[in-house]
Amino acid sequence: MKLTFISDTHDKHNFIKVEPTDFLFHTGDATTKGTLTQVKSFLSWFEKQPAKYKIYVAGNHDWLFQKDPQAAKMLLSEHPDVIYLQDASITLEGLRIYGSPWQPWFYDWAFNANSDKLFLLWDKIPGNTDILLTHGPPHDILDLTKRNDKVGCEILKQI
């Protein structure tokens, strides 16, 4: 079984060549501003990729999913081969996959949450999850920014 993970494509998806894979995961920041047009372009591209399963979790630039979830849901319905996970799980090929876009407060981007909310969100992750998809990493795990700030989630690291 081949698993491929990408993220932070920021509207550059048309320049990415994805090799055939069983699972293609995109863990957020598919867009730069999360406009309807940008999300539509990404979903059209993502759906065409050579993967049996295409699973997407929004990131902090993918505003449409937070500001207008109905519009996002409508767009997703036009791309039935794309599985979107927002605080939800799915089992495919025996793998239990959970996805969530939330992160500790990071500037004024989408899907920011305070510690209390993050604790409640992460508490919902099933204990038997095989693959956890989040846009932001746990604290101290590949979470260093260009400014040398550690921005990973301390609560996520504890679970």
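The values are calculated or read from the model by the stated rules, or taken from the named source; none is laboratory data. Bear in mind that the values here come from a model prediction, so they are computed numbers and not experimental data. Here Cβ is always computed from backbone atoms with ideal geometry, including for glycine, and neighbour counts include all displayed protein chains. Remember, those area values only see protein heavy atoms, side chains included, never the ligands or the DNA or RNA. Shrake-Rupley method; radii C 1.70, N 1.55, O 1.52, S 1.80 Å.
Per residue, the average separation of C-alpha pairs within less than 8 Å and at least 6 apart gives the chain a relative contact order of 18 percent. Taking every protein chain into account, the accessible area of the chain amounts to 55 square angstrom per residue (probe 1.4 Å).
Taking a straight line from the alpha carbon of Lys73, these lysines sit under 18 Å away, with near neighbours fewer than eight places off in the same chain left out: Lys33, Lys40, Lys54. With bins 5 Å wide beginning at 0, the percent of Cα pairs of the chain falling in each bin runs 2, 9, 19, 23, 21, 16, 9, 2, 0. When each of the peptides 89-97, 145-153, 19-27 is scored by the mean number of other C-beta atoms lying within 10 Å of its residues, the order from highest to lowest reads 19-27, 89-97, 145-153. Could you look at segment 1-55 and say what percent of its accessible area is carbon and sulfur, using a 1.4 Å probe and all protein chains? C and S fraction of accessible area: 56 percent.
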